[in-house]
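Student: Before anything else, here's the structure in question.
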Amino acid sequence: MSLHWTDVLEIAIQLAERHPDVDPRYINFVDLHNWVVSLPEFADDQQRGGEKVLEAIQLAWMEEAD
C-alpha cells in the first residue's frame with residue numbers, strides 16, 4: 001500500500017505508531033513534513049505537503065492519541 005497526502009488518517013496512525021512518545025500538539029510543521037515523507041509507504045510528491053494538509057494530519061494524530 002502506498003501513502004499519499006490525501007491519506008491523512010492512515011498517515012496519522014503510522015506516525016503515532018512510529019513516534020509514540022511525541023505529543024502531536026507540539027510538533028512543528030517542518031518536522032511533521034519530514035516524518036511524513038520518510039514513511040516507508042509514502043509515495044507522493046514531497047512538495048505537495050502544504051500547511052493545510054499538515055494541519056489535517058496533526059489533528060488526526062491528536063485524535064488518535066486521545
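No lab work stands behind these numbers, since they all come straight from the coordinates. Worth saying up front: this structure is predicted, and the values here are computed from it rather than measured. A quick note on method: Cβ atoms are made from the backbone with ideal geometry, for glycine too, and the neighbour counts reach across all protein chains shown.
Student: Out of everything in segment 34-65 that is in contact with a helix residue (DSSP H, G or I) (Cβ under 6 Å, 6 or more places away or on another chain) and in a loop (DSSP other than H, G, I, E, B), what residue ends up being surrounded by the most Cβ atoms within 10 Å (Cβ to Cβ)?
Tutor: GLY49
Student: Now a separate question. Within segment 1-33, which residues are part of a loop (DSSP other than H, G, I, E, B) and closer than 17 Å to LYS52 by Cβ? Before you say what the answer is, go through the steps one by one.
Tutor: Within segment 1-33, the first condition is being part of a loop (DSSP other than H, G, I, E, B), and the residues that meet it are 1-2, 4-7, 19-23, 27-28.
Within segment 1-33, HIS4, TRP5, THR6, ASP7, ILE27, ASN28 qualify.
Student: So ARG25 passes all but one of these: (1) surrounded by 15 or more Cβ atoms within 10 Å (Cβ to Cβ); (2) in contact (Cβ under 8 Å) with a residue 12 or more places away in the chain. Which condition number does it fail?
Tutor: That leaves (1) as the condition not met.
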